[in-house]
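Written out below as structure tokens is the structure these notes cover.
The values are calculated or read from the model by the stated rules, or taken from the named source; none is laboratory data. Because the structure is predicted, anything quoted here is derived from the model rather than measured. Neighbour counts run over all protein chains shown; Cβ positions are idealised from the backbone, glycine included.
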């Protein structure tokens, strides 16, 4: 067992002792992730990099900034969380991402990609203003460099020249592959103090000599850049070291030490192997990026759901439609299997694309496809569509273009926590003119809505659905045809209370109705709103005449949610039914198993029953409920 004081002794260890430490860390990660689930392949591959970072630099005095931070498990284990690591991603346990509320060693919350370089530039500015002897250190994966936000930061950094170390964890792209042995030889030379010292001296001489005398020297320097993988960074004004072996502690420590002493913005390019140390997961298998609990001996998942996931239902439905409709096209932002678009990319590679971590670009490109007469689908997580908000307004909404947004992971996602909960899309989409918003309550309705979306050419459309499974299965509640802007009464109750539900909220409402029925209490009317925008005015007007209280259930936060929409509708139409929201409170929801989070939020069936029964009696209800 490694004591929590490990970080204070790491600088005294030999390279051999550090190598042993890396193996202990990997074993700890494998043990816990196999039990709890979590990110695996990338964090195993980054172990030596993180150990070397802590060996060379002084965290938290030197800010350690992890991009996305799903690869930061080794950092957690080295910073007083070895024993608590058993609680990884569990309710009230430690997060799967960095979070300063959890530890002073965690500089920033990081669950979305490509924020690290902007954070580091901001930190470097503050350090320079304070005249402090500190240096930000970034660990960023090559995949994050597909986002434009990184290049905005690099562009400023290359101009400002703040001291900053960027450790590029290249675990997928083979940047140096075409150059082979020559590149490796040059990279070893570039990583040495001799080359760096020589380069500085040459630059000094070039500044002093006449232009003509330096022509050949400049051409030599430019030619050298062209056969090294650091050309991009050099042209942006950053120093470049690498590629180095990201599992060789000697190489990593030497490169980090050199970079620390240079006091410049420097990129260290380290090549690593995903899943390092666990043969089953080694390589480029996307399935090992994030995993549920699994058997360490054979790598098989411990539990598999017997029901189809909403993601697979969307994927299979769209795939069947794409066969007969050549106008169907679509994109995903670096989540092909997560969104189910992988099957369509494989079947129709010229019509469906993974555009990498570039949500803003993806939204705008699909707007142009819609203008050209195609039928574009954007398959994306609810939380990641937030990154394309301006494009939703400027490029899709204003021109009323029929782009179809399929919002996976809407609602409570569980163990990934506050950066990934899909609780805001109803609010941020409802406020944009021309958008139509709808949500199914079961897999069968989701399939029907994908078909509805195919033929919906009246403007932008968003369909939201949960992760893993709906609360209801396909046989529990029959439903009618999907018609734009039309809801449906699913159960006529005996109470003046209506449960006005949206999406997975219908499942919560139905479970509440069952619980009331089991207790012999009058049941409320169960309403499937189905469309959050536009609202079904005819249905609501009728409901206002017969039901004096509307209890609202949806997996969205209260601000700008369904209850808010209903309140706006009542104000516009002069009705006065009492509205009670059973939606998600106005707060960021932490990580944990969904059932634990629902209990905490008081939206599980038992809690909803208590809240419903405790509703203050309105005039006329006393004899009926």
Test for residue 442: is it more than 21 Å from residue 594 (Cβ to Cβ), buried (at least 24 other Cβ atoms within 10 Å of the Cβ) and at pLDDT 95 or above: no
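Residue 478 - would you say it is in the same structural domain as residue 587 (by TED's automatic domain parsing), surrounded by fewer than 19 Cβ atoms within 10 Å (Cβ to Cβ) and within 20 Å of residue 439 (Cβ to Cβ)?
Numbers: in the same structural domain as residue 587 (by TED's automatic domain parsing): no; surrounded by fewer than 19 Cβ atoms within 10 Å (Cβ to Cβ): yes; within 20 Å of residue 439 (Cβ to Cβ): yes.
Here the answer is no, as residue 478 does not meet what is asked.
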When residue 368 is evaluated against the numbered criteria (1) at negative phi; (2) modelled with pLDDT under 95; (3) surrounded by fewer than 22 Cβ atoms within 10 Å (Cβ to Cβ), which criterion, by number, is the only one it fails? (2)
If I filter the range 547-556 for residues that are out of contact with any helix residue (DSSP H, G or I) (no Cβ under 7 Å at 6 or more places or on another chain), over 23 Å from residue 585 (Cβ atoms) and assigned to a strand (DSSP E or B), do I get at least one hit? no
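What about residue 439, is it outside the structural domain of residue 70 (by TED's automatic domain parsing) and touching a strand residue (DSSP E or B) at 6+ places or on another chain (Cβ under 7 Å)? Steps first, please.
Numbers: outside the structural domain of residue 70 (by TED's automatic domain parsing): yes; touching a strand residue (DSSP E or B) at 6+ places or on another chain (Cβ under 7 Å): yes.
Criteria met by residue 439.
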Can you pull out every residue in the range 294-333 that is at pLDDT below 90 and in contact with a strand residue (DSSP E or B) (Cβ under 7 Å, 6 or more places away or on another chain)? 294, 300, 301, 302
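Residues checked against (1) more than 20 Å from residue 497 (Cα to Cα); (2) outside the structural domain of residue 509 (by TED's automatic domain parsing); (3) touching a strand residue (DSSP E or B) at 6+ places or on another chain (Cβ under 7 Å); (4) assigned to a loop (DSSP other than H, G, I, E, B):
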residue: 544; (1), (2), (3), (4): no, no, no, no
residue: 559; (1), (2), (3), (4): yes, no, no, yes
residue: 571; (1), (2), (3), (4): no, no, no, no
residue: 576; (1), (2), (3), (4): no, no, no, yes
residue: 587; (1), (2), (3), (4): yes, no, no, yes
residue: 599; (1), (2), (3), (4): yes, no, no, no
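Restricting attention to the range 145-168, and to residues there that are touching a strand residue (DSSP E or B) at 6+ places or on another chain (Cβ under 9 Å) and in a helix (DSSP H, G or I), which single residue is nearest to residue 333 (Cα to Cα)? Steps first, answer last, please.
First, the residues of the range 145-168 that are touching a strand residue (DSSP E or B) at 6+ places or on another chain (Cβ under 9 Å): 145, 150, 154, 157-158, 160-168.
Right, trim to in a helix (DSSP H, G or I) and you get 145, 150, 154, 157-158, 160.
Working: 145: 13, 150: 16, 154: 22, 157: 26, 158: 27, 160: 31 Å.
Checked the range 145-168; the qualifying residue nearest to residue 333 (Cα to Cα) is 145.
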Only one of 2, 10 is in a helix (DSSP H, G or I) and at pLDDT below 95; which? 10
Scan the range 257-291 for residues that are assigned to a helix (DSSP H, G or I) and over 29 Å from the mean Cα position of the chain (by Cα) and jot them down. 257, 258, 259, 260, 261, 262
Which of (1) within 27 Å of residue 418 (Cα to Cα); (2) without any contact (Cβ under 8 Å) to a residue 24 or more places away in the chain; (3) assigned to a loop (DSSP other than H, G, I, E, B) is the odd one out, the single condition residue 563 does not satisfy? (3)
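Return yes or no: is residue 56 assigned by TED's automatic domain parsing to the domain that holds residue 147, within 19 Å of the chain's Cα centre (by Cα), within 29 Å of residue 164 (Cβ to Cβ) and surrounded by 19 or more Cβ atoms within 10 Å (Cβ to Cβ)? Outline the logic, then answer.
Values: assigned by TED's automatic domain parsing to the domain that holds residue 147: yes; within 19 Å of the chain's Cα centre (by Cα): no; within 29 Å of residue 164 (Cβ to Cβ): yes; surrounded by 19 or more Cβ atoms within 10 Å (Cβ to Cβ): yes.
So residue 56 does not fit the description; no.
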Going by the structure shown, is residue 157 buried (at least 21 other Cβ atoms within 10 Å of the Cβ), farther than 28 Å from residue 591 by Cα and not assigned by TED's automatic domain parsing to the domain that holds residue 598? yes
Quick test of your reading of the structure: residue 134 fulfils all but one of (1) touching a residue at least 40 places away in the same chain (Cβ under 8 Å); (2) surrounded by 19 or more Cβ atoms within 10 Å (Cβ to Cβ); (3) out of contact with any strand residue (DSSP E or B) (no Cβ under 7 Å at 6 or more places or on another chain); (4) under 25 Å from residue 153 (Cβ atoms). Name the failing condition by number. (2)
Flagged in the range 64-109 as crowded, with 21+ Cβ neighbours inside 10 Å, over 20 Å from residue 275 (Cβ atoms) and in contact with a strand residue (DSSP E or B) (Cβ under 7 Å, 6 or more places away or on another chain), in numbering order, are 64, 65, 98, 107
Over the range 487-514, the set of residues free of Cβ contacts under 8 Å to residues at least 40 places away in the same chain and either under 16 Å from residue 539 (Cβ atoms) or in a strand (DSSP E or B) (or both) is 490, 491, 492, 493
Of the residues 492, 473, 528, only one is within 29 Å of residue 414 (Cα to Cα) and surrounded by fewer than 16 Cβ atoms within 10 Å (Cβ to Cβ); which? 473
Could you list, in sequence order, all residues of the range 531-541 that are in contact with a strand residue (DSSP E or B) (Cβ under 9 Å, 6 or more places away or on another chain), surrounded by fewer than 21 Cβ atoms within 10 Å (Cβ to Cβ) and assigned to a helix (DSSP H, G or I)? 539
